[in-house]
Amino acid sequence: MTANSLVHSKLVCVALNDKAQLAALDATFHQDPYKKPPTQPVLYYKPRNTWSQEGAEVEWARDFDGNPVAAMVVGASLGVVIGKTTCRVSPQEALSHVGGYTVVADYSLPEQNYYRPDIKGKCLDTSAPVGPKIIPAAEIANPDALSISITVNGSVKSVFKLSQMQRSVAELISIISSIMTLQPGEVIAVGFAGNRVPVAKGDKVAASIEGIGTLTNTLGGA
Amino acid sequence: MRHARIIFEGRELDVDIDAQDRITTQNGEQLDVALDSDLITWLPPVKEPGTIFALGINYADHATELAFEPPKEPLVFIKHANTLTGHKQVSYRPDGIEYQHYECELVAVIGKTGKNIKRENALDYVAGYTVCNDFAIRDYLENYYRPNLRVKSRDSLLPMGPWIVDTADIPDANALKLTTTVNGKLTQDGNTKDMIFDVPYVIEYLSKIMTLNPGDMICTGTPHGIVDCQPGDTIVCSIENVCSLETRMVSEQEYYGDKY
């Protein structure tokens with residue numbers, strides 16, 4: 001738990017919000033255990049032990065025998081920072097509840113299935129850096145027009161246009177706020193490229209959104 | 001000793017409750033009020049709620065009831081403070097659903113930071129125990145990160161309290177009678193001895209993955225005996241020697257009022 005985290009009280013992440021990923025997994029999602037594709041946003045929490053910040057080292061995870069895990073991956077998302085109490089808002093009014101935008105990185109074990117909450121994969125200490133700062137919402141005319149890239153040791157590994165999201169920022173705020181009342185400072189990571197980027201011990205990873213900033217972190221364990 | 005958070009005569013107070021049911025504030029002031037008085041408003045008992053871990057199908061008989069194989073490792077999901085509400089408060093039933101049920105559960109409240117905690121030392125990290133009602137709306141289940149947030153993470157769906165009992169006062173957390181009544185009728189009658197993964201096991205398991213911190217909570221699952229609950233119902237979840245938690249169900253409209 002990092003005292004300086006920009007996150008207040010809650011970090012909600014949206015999985016499976018990349019149209020291309022949903023299309024690629026469509027056949028899988030018609031089989032057991034899924035039986036049919038999701039009809040609602042697929043949400044997970046990064047709990048407070050995961051919260052971290054710009055420049056911080058991300059711990060290399062260990063398995064249940066205490067040995068370093070074989071593989072980790074990273075995804076990056078636009079982070080929507082709630083600006084005021086948000087309860088059951090419509091998509092039309094949703095963006096007026098945004099205080100600002102930032103970058104969220106989600107380090108995890110590789111995503112192997114989506115059936116059960118992925119506590120072992122997603123809840124690793126220091127695995128959710130958020131930052132480097134919060135850009136006021138007024139400076140971002142259309143969050144769905146942004147694009148997010150991940151570079152590892154200086155080479156570009158992933159570019160994701162938010163226009164490729166299954167659900168827009170406003171739709172997600174509306175749907176999530178009808179499940180739970182959102183409070184100022186809570187953050188929603190609205191969507192990640194379906195192909196998470198493999199990382200190795202010691203890698204320097206930069207997640208970047210033009211106009212929002214670049215979040216840089218280094219993997220531990222080297 | 002028991003510990004609670006209440007509002008009394010307009011003041012929000014952290015209080016201790018002794019074996020004679022006397023209520024004392026942190027300043028040593030003894031309150032002139034009975035424990036069951038309606039003059040007390042009960043708040044969720046953990047002052048700074050952290051991560052709430054909840055276990056699914058952690059009683060073998062409940063697994064059978066839901067037609068599941070008992071899990072081979074804990075099925076854990078996470079909830080946050082928006083779900084919490086106190087004793088004698090309300091929870092809401094969404095419009096247009098078929099099946100919302102209570103889940104009476106023993107809660108272990110973490111009192112000390114720890115990672116890689118051994119099972120035999122696990123109770124050193126538990127500040128105390130309380131009771132929660134981990135409501136679920138089965139209509140909303142989907143097979144993605146199941147039980148998904150829409151089922152389990154709604155506002156008001158985790159009544160908790162009324163108080164936390166010190167760990168030392170519960171010599172064996174796996175020998176406690178657990179019951180639920182709906183409108184006074186007994187609907188759930190179990191015992192924490194039937195848990196598949198007990199509190200020390202779950203603390204060892206979770207702390208291999210991540211650091212546990214004070215204010216984190218572990219809701220340990222519910223046994224057989226769940227029934228649908230409707231607006232107007234009063235649900236009382238009780239665990240022997242810990243506490244009894246009363247919740248009144250309301251409609252979505254009554255709960256959200258102007259925001260409905």
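Worth a mention:
- Among the candidates B:Val250, B:Val236, the residue that is closer than 30 Å to B:Ala67 by Cα, part of a strand (DSSP E or B) and without any contact (Cβ under 8 Å) to a residue 60 or more places away in the chain is uniquely B:Val236.
- Hits in region A:177-204 (condition: within 20 Å of A:Trp60 (Cβ to Cβ), over 15 Å from the mean Cα position of the chain (by Cα) and of a type in the set (A, V, I, L, M, F, W, C)): A:Val199, A:Ala200
- Considering residues of region A:147-166 that are away from chain B (no Cβ under 14 Å) and assigned to a loop (DSSP other than H, G, I, E, B) only, the residue surrounded by the most Cβ atoms within 10 Å (Cβ to Cβ): A:Asn153
- Condition met for A:Pro129 (modelled with pLDDT of 95 or more, away from chain B (no Cβ under 14 Å) and surrounded by fewer than 24 Cβ atoms within 10 Å (Cβ to Cβ)): no
- Failed item, numbered, when A:Glu186 is tested on (1) within 18 Å of A:Val156 (Cβ to Cβ); (2) of a type outside the set (A, V, I, L, M, F, W, C); (3) within 13 Å of chain B (Cβ to nearest Cβ): (1)
- Among (1) touching a helix residue (DSSP H, G or I) at 6+ places or on another chain (Cβ under 6 Å); (2) buried (at least 21 other Cβ atoms within 10 Å of the Cβ), the one test that B:Thr180 misses: (1)
- Pairs are defined by a Cβ separation below 7 Å, a sequence spacing of at least 6 or placement on different chains, a first member in region B:130-153 that is within 18 Å of A:Pro37 (Cβ to Cβ) and within 13 Å of chain A (Cβ to nearest Cβ), and a second member that is hydroxyl-bearing (Ser, Thr, Tyr) and buried (at least 24 other Cβ atoms within 10 Å of the Cβ); the pairs so defined are B:Tyr145/A:Tyr44.
- In region B:76-90, of all residues being farther than 18 Å from A:Cys87 by Cβ and of a type outside the set (Val, Ile, Thr), the one that is surrounded by the most Cβ atoms within 10 Å (Cβ to Cβ) corresponds to B:His87.
- Any chance B:Thr167 is of a type in the set (Ser, Thr, Tyr), away from every other protein chain (no Cβ under 14 Å) and closer than 28 Å to B:Ala19 by Cα: yes
- Taking residues in region A:59-85 that are within 12 Å of chain B (Cβ to nearest Cβ), and partners anywhere that are crowded, with 17+ Cβ neighbours inside 10 Å and small (Gly, Ala, Ser), the pairs with Cβ atoms closer than 6 Å and at least 6 places apart or on different chains are A:Val69/A:Ala61.
- Any chance B:Ala54 is in contact with a Phe, Trp or Tyr (Cβ under 6 Å, 6 or more places away or on another chain), under 26 Å from B:Pro147 (Cα atoms) and either within 14 Å of chain A (Cβ to nearest Cβ) or crowded, with 20+ Cβ neighbours inside 10 Å (or both): yes
- The requirement of being within 14 Å of chain A (Cβ to nearest Cβ), in contact (Cβ under 8 Å) with a residue 24 or more places away in the chain and of a type outside the set (Ser, Thr, Tyr) is satisfied by B:Leu157.
- Residues satisfying the stated conditions in region A:28-64, i.e. on the phi > 0 side of the Ramachandran plot and of a type in the set (D, E, K, R): A:Lys35
- Across region B:73-82, a minimum of one residue is classified as touching a residue at least 24 places away in the same chain (Cβ under 8 Å), within 14 Å of chain A (Cβ to nearest Cβ) and either farther than 27 Å from A:Arg48 by Cβ or of a type in the set (Asp, Glu) (or both).
- Restricting attention to region A:22-58, the residues being touching a helix residue (DSSP H, G or I) at 6+ places or on another chain (Cβ under 9 Å), more than 7 Å from chain B (Cβ to nearest Cβ) and in contact (Cβ under 8 Å) with a residue 40 or more places away in the chain number 4.
The values are calculated or read from the model by the stated rules, or taken from the named source; none is laboratory data. Since the model is a prediction, treat every value here as computed from it, not as a measurement. Glycine gets a Cβ as well: all are built from the backbone with ideal geometry, and neighbour counts include every protein chain shown.
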